[in-house]
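Nothing in this text is a laboratory measurement; each read-out follows from the coordinates by a stated rule. None of these values were measured; they are calculated from a predicted model. Neighbour counts run over all protein chains shown; Cβ positions are idealised from the backbone, glycine included.
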Amino acid sequence: MTLDRRGLLRLIGGSAGAAVVPLGHGFWAAASGESDRRLVAIFLRGAIDGLSVVVPYRDPDYHAARPTIALQSGNGGVIDLDGRFGLHPALAPLMAQWQQGSLAFIHASGSPDPSRSHFDAQLIMEGGTGLASSQSGWLNRLLAVLPTPTAAPRGVSFGTALPHIMSGPVEVTTMDVRGDAGKPLPVDNPQIASVFDRLYDGDDDLSRAYREAKLARQETTAMIASDDAMAKEQAVANNGAPLAEQATALARRLGRLLADEPRFRGAFMAIGGWDTHVRQGNTDGQLAKRLGYLADALTGLTAGLGEAYKNTVILVISEFGRTVHENGNGGTDHGHGNVLWVLGRPVRGGKVYGAWPGLTADRLYQGRDLAVTTDYRSVVGAALYAHLGLDEASLAKVLPGAPRPTRDLDALFRV
């Protein structure tokens with residue numbers, strides 16, 4: 001049997017070579033009369049530190065709580081957003097969207113669920129009902145209420161398995177973008193690996209994607225095999241999601257797919273690696289490195305979308321935030337409130353939304369975490385209402401029991 005380079009890349013589950021296998025008949029048929037507005041959800045598995053993404057850099061309580069990992073202002077430090085908050089410098093590529101008004105943040109947002117369990121918190125957030133017992137995900141329920149001219153798939157998910165957010169009665173196309181890290185693959189054989197290394201030693205997109213996929217596989221496999229409890233926890237927190245090192249090629253591919261196939265009204269992609277209990281760093285370190293990859297991924301997604309970006313809203317969420325105080329290992333532990341990101345031309349960006357509760361001891365959730373003042377479901381609901389045009393009855397089906405958007409969020413999307 002002969003394989004071309006793309007075929008070979010599929011053997012390791014590499015991002016650029018992932019097979020696109022449509023589910024449903026007439027998948028690539030042109031969509032007639034269907035709205036081209038869509039919603040993309042990016043889930044950062046592992047609980048990203050929102051206080052290091054959108055930094056309250058003028059707050060003395062922030063600096064007191066983080067003597068070694070706080071980000072500073074000035075040369076090489078945070079990038080000022082509004083005189084109050086600053087963006088992590090590794091996210092500098094996103095400043096173009098901020099300045100153009102297509103990027104906004106909602107700080108002190110998250111789920112009201114008090115769980116600090118990655119598994120439970122992710123399940124509850126993906127379910128969208130506030131309960132761990134939800135039998136379907138809110139993105140699948142959204143697909144169920146959106147109009148479509150045929151029974152062809154309306155949603156696409158990038159991952160090794162169908163995530164809970166996409167589970168439900170509506171058929172969804174799943175892209176297996178990587179191999180099972182716990183399952184031996186042909187590329188694990190040193191002789192075969194050397195062949196791959198020679199095939200992909202160039203500077204083209206496929207070669208770079210191969211090297212990124214190989215590195216991410218090695219890291220995840222090492223986590224699973226490790227006797228270290230923290231490493232195993234990180235593997236669980238990632239829940240099968242590819243690490244940020246793979247994200248650029250995956251996100252660009254997702255953008256191109258959505259640009260080419262307007263029938264996909266909802267899309268999902270998860271990125272792992274945000275459980276930073278140890279050596280989190282500030283402007284340097286593991287978090288900064290992965291934020292750089294994430295910035296490249298999001299700019300790659302918007303580039304892949306092309307003209308479709310003007311009709312797309314991208315939500316970036318994570319199961320919970322991290323503790324306000326750094327721990328003894330130079331990291332942060334499981335917290336509560338976080339920052340939610342919103343991108344797209346329909347967004348009224350260039351602003352940090354949400355009610356900021358402050359970081360004084362008496363304002364912290366359970367005395368340790370950033371409080372949640374904006375339920376993430378109210379942001380999702382605002383997008384469904386203003387961007388996708390859902391009525392009250394449809395909103396209640398997608399997000400039953402969710403709070404109504406706050407007045408602050410009324411201006412978040414252009415109708």
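Quick notes
- FRET efficiency, 1/(1 + (r/R0)^6) with R0 45 Å, evaluated for ASN75 and LEU162 via beta carbons: 0.45
- Nearest-0.05 FRET efficiency for MET95 and ALA396, computed from C-beta distance (R0 45 Å): 0.75
- Separation of the ALA355 and ALA132 label points, Cα + 7 Å toward Cβ, nm: 2.9 nm
- Qualifying trypsin sites (Lys or Arg not before Pro) for the range 263-319 [loop in DSSP, other Cβ within 10 Å: at most 15]: ARG279
- Sequentially through the range 379-387, phi angles give Karplus couplings (6.51, -1.76, 1.60; θ = phi - 60°) of 6, 4, x, 4, 5, 5, 6, 7, 8 Hz, Gly and Pro residues having no value and appearing as x.
- Cα centroids of the range 300-349 and the range 90-114: 6 Å apart.
- Once both labels are positioned 7 Å from their Cα atoms along Cα-to-Cβ, the gap between SER194 and ARG404 label points is 6.9 nm.
- Summed side-chain charge close to GLY155 - residues other than GLY155 whose Cβ falls under 10 Å, Lys, Arg +1, Asp, Glu -1: +3
- Three-way shape call for the range 265-415 based on the alpha-carbon gyration tensor, with the a/c threshold at 1.5: oblate
- Of every Cα-Cα pair in the range 63-163, the percent that sits beyond 18 Å: 69 percent
- Using 0.36 nm per residue and subtracting the Cα-Cα separation, the extra length available between ASP203 and ARG368 on full extension is 54.8 nm.
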